[in-house]
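Pasting a structure below so you can have a look.
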Amino acid sequence: MSDSIIIDQTQKWIKSVVIDLNFCPFAAKAMLKKSIHYIVLNKADFKSSLEALNNEIQYLNENQEAETSFIIFPNNFTDFEEYLDLIYKAEEFLEMEGYEGVYQLASFHPDYCFEGSETTDAANYTNRSVFPMLHILREDSITKAIELYKNPELIPEHNIKVAREKGLLYMQMLRSACFNS
């Protein structure tokens with residue numbers, strides 16, 4: 001599968017799940033402004049993933065108009081536990097390199113499961129993406145967006161409620177539709 005198809009499917013997921021269900025009230029602006037950078041790593045291990053993370057941080061440092069970046073792993077980190085290890089290492093990397101408070105990671109995975117929840121809980125679909133990916137966000141962008149949003153602490157609660165109201169089958173079909181051309 002080509003990188004452009006993978007990016008297109010990722011964009012469909014962001015639009016139809018994240019934006020249309022308002023899971024992230026700040027995502028629509030970045031999508032409309034085309035200020036999201038995407039890269040696809042078809043062959044990845046921990047080392048190459050952390051190198052890609054470093055490269056994306058450098059990209060964001062040099063391109064202030066880019067709000068955020070996604071590193072997409074279509075062929076690797078398919079095991080959720082292995083993916084969680086990647087998140088841990090990536091967060092450690094940010095801290096070691098002095099980027100804590102500058103950049104933040106959001107995690108999305110096709111088998112995402114919140115700690116303590118059942119795998120069949122529709123709420124998991126708030127973070128169940130089409131591919132494993134790392135989402136790099138600028139902390140200052142998050143801070144500015146939160147200042148303009150009433151009760152940002154209620155966003156996760158809202159997302160869980162919406163996903164559960166839509167139901168497991170709906171959430172599964174919505175994500176599956178992202179693979180259609």
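Can you name the condition, by its number, that residue 85 falls short on among (1) outside any loop (DSSP other than H, G, I, E, B); (2) surrounded by 15 or more Cβ atoms within 10 Å (Cβ to Cβ); (3) in contact (Cβ under 8 Å) with a residue 12 or more places away in the chain?
It is condition (2) that residue 85 fails.
Does residue 90 count as of a type in the set (A, V, I, L, M) and under 21 Å from residue 160 (Cα atoms)?
no
Looking at 74, 25, can you tell me which residue is more than 30 Å from residue 154 (Cα to Cα) and in contact (Cβ under 8 Å) with a residue 60 or more places away in the chain?
74
When you scan the range 88-111, how many residues do you find that are under 14 Å from residue 131 (Cα atoms) and part of a strand (DSSP E or B)?
3
Looking at 99, 103, 112, 125, which is the one that is touching a strand residue (DSSP E or B) at 6+ places or on another chain (Cβ under 6 Å) and among the hydroxyl-bearing types (Ser, Thr, Tyr)?
None of the others qualify; the one that does is 103.
Is the range 140-159 home to any residue that is more than 19 Å from residue 31 (Cβ to Cβ) and among the hydrophobic types (A, V, I, L, M, F, W, C)?
Yes, the range 140-159 has at least one match.
Give me the pairs: first residue in the range 142-153 and under 23 Å from residue 66 (Cα atoms) and modelled with pLDDT under 70, second residue among the aromatic types (Phe, Trp, Tyr) and surrounded by 12 or more Cβ atoms within 10 Å (Cβ to Cβ), beta-carbon distance under 6 Å, and six or more apart or on different chains, which are they?
Note: pairs meeting the criteria are 145/26.
Can you name the condition, by its number, that residue 34 falls short on among (1) assigned to a helix (DSSP H, G or I); (2) closer than 21 Å to residue 143 by Cα; (3) charged (D, E, K, R)?
(1)
Now for a separate question. Write out, first by first residue and then by second, each pair whose Cβ atoms fall under 6 Å of each other, whose residues are 6+ apart or on separate chains, and whose first residue, in the range 31-59, is within 17 Å of residue 8 (Cβ to Cβ) while the second is aliphatic (A, V, I, L, M).
36/30; 37/66; 38/7; 39/71; 40/6; 40/72; 41/52
The values are calculated or read from the model by the stated rules, or taken from the named source; none is laboratory data. Everything numeric here is computed off the predicted structure, so don't read it as measured data. No Cβ is skipped: glycine too gets one built from the backbone with ideal geometry, and neighbour counts run over all protein chains shown.
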